[in-house]
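The values are calculated or read from the model by the stated rules, or taken from the named source; none is laboratory data. Model, not experiment: these values are computed from the prediction. FYI the Cβ positions are ideal-geometry reconstructions off the backbone, even for glycines, and counts take in every protein chain you see.
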Amino acid sequence: MMFKDRVDAGRRLADALSGHSEEGAIVLALPRGGVPVAAEVARALGAPLDLVMVRKIGAPGHPEYGIGAVVDGKDPQIVIDAATARMAGADGAYLEDTKRRELAEIERRRRVYLGDRPPLDVAGHTVIVVDDGVATGSTAKAALRALKKAGAARRILAVPVAPIEAVEALREEADEVVALTTPYPFHAVGLYYEDFDQTTDEEVVAALAGARG
């Protein structure tokens, strides 16, 4: 399955989620790439759109290779694949330093994207966490764990594309996982999009403004 772009992926994902338009559901996007996808889902379901602020923790010298993720909040959470971190040479000092830097970037993005708008309260609600795809699943895992701690009643992860092994692992973290395609071998999320240009801060702000409108 190929997607034209993130909007196309969001519309197809919304079709697969048409049975989840229950009252009180909240759609949460993983910025930045998940926002255009989630905006289409929120629009189709008539649900509010907000963000779950998560940053990948990359390996030393290879920041694009995820070894974990950090989620902001009153008690910031860090999720690390211990075996991968050891293989990558990421010690405790590296992880703490990276955590501080990524939390600072999360705070910057929160100000840019949301200004003074407080995040939606997920306690007691069904939350649908949306991204443009899953590779290792560490970012989604961190988000799902944070939402459980925040009191979400039900957690659904919805993505256009993911490797089957990540989907199976994430079923242990979510009440439901919806993935439109689970190709094997997988390789990379961007291979399943014709247009996979980086989502800009301006596009995120515009999507959130459109959802509020």
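Filter region 145-177 down to the residues that are touching a helix residue (DSSP H, G or I) at 6+ places or on another chain (Cβ under 7 Å) and not charged (D, E, K, R), then identify the one that is farthest from PHE3 (Cα to Cα). Among those residues, the one meeting the criterion is ALA174.
Scanning region 121-136 turns up at least one residue that is farther than 16 Å from ALA29 by Cβ, surrounded by 17 or more Cβ atoms within 10 Å (Cβ to Cβ) and of a type outside the set (Asp, Glu). The single residue among GLY68, GLY89, GLY137 that is touching a Lys or Arg at 6+ places or on another chain (Cβ under 9 Å) and either in contact (Cβ under 8 Å) with a residue 60 or more places away in the chain or at positive phi (or both) turns out to be GLY68.
Quick grid of which residues meet (1) small (Gly, Ala, Ser); (2) at pLDDT below 90; (3) over 22 Å from ILE67 (Cα atoms):
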| site | (1), (2), (3) |
| --- | --- |
| PRO118 | no, yes, yes |
| VAL127 | no, no, yes |
| ASP131 | no, no, no |
| GLU172 | no, no, no |
| ALA211 | yes, yes, yes |
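Of the residues THR84, THR98, which single one is farther than 28 Å from ILE156 by Cα, in contact with a strand residue (DSSP E or B) (Cβ under 6 Å, 6 or more places away or on another chain) and of a type in the set (S, T, N, Q)? Break it down into steps so the answer makes sense when it comes.
Values: THR84 fails: farther than 28 Å from ILE156 by Cα.
When all the criteria are applied, what remains is THR98.
Quick check: is even one residue across region 25-32 modelled with pLDDT under 90 and not assigned by TED's automatic domain parsing to the domain that holds THR126? Scanning region 25-32 turns up no residue that is modelled with pLDDT under 90 and not assigned by TED's automatic domain parsing to the domain that holds THR126.
Can you find a residue in region 39-53 that is within 14 Å of the chain's Cα centre (by Cα), farther than 22 Å from LEU17 by Cα and surrounded by 15 or more Cβ atoms within 10 Å (Cβ to Cβ)? Yes, because at least one residue in region 39-53 is within 14 Å of the chain's Cα centre (by Cα), farther than 22 Å from LEU17 by Cα and surrounded by 15 or more Cβ atoms within 10 Å (Cβ to Cβ).
You will find that of GLU23, GLU96, GLU64, the residue that is in a loop (DSSP other than H, G, I, E, B) and surrounded by fewer than 16 Cβ atoms within 10 Å (Cβ to Cβ) is GLU23 and no other. ASP8 - would you say it is of a type in the set (Asp, Glu), closer than 20 Å to ALA188 by Cα and either out of contact with any strand residue (DSSP E or B) (no Cβ under 7 Å at 6 or more places or on another chain) or not assigned by TED's automatic domain parsing to the domain that holds LEU103 (or both)? Yes. Taking region 145-191, which residues are within 14 Å of VAL130 (Cα to Cα), crowded, with 20+ Cβ neighbours inside 10 Å and touching a residue at least 60 places away in the same chain (Cβ under 8 Å)? The answer is LEU147, ILE156, ALA158, VAL159, PRO160, VAL161. Scanning region 168-195 for residues that are farther than 19 Å from ALA140 by Cα and either acidic (Asp, Glu) or assigned to a loop (DSSP other than H, G, I, E, B) (or both) returns TYR184, PRO185, GLU194, ASP195.
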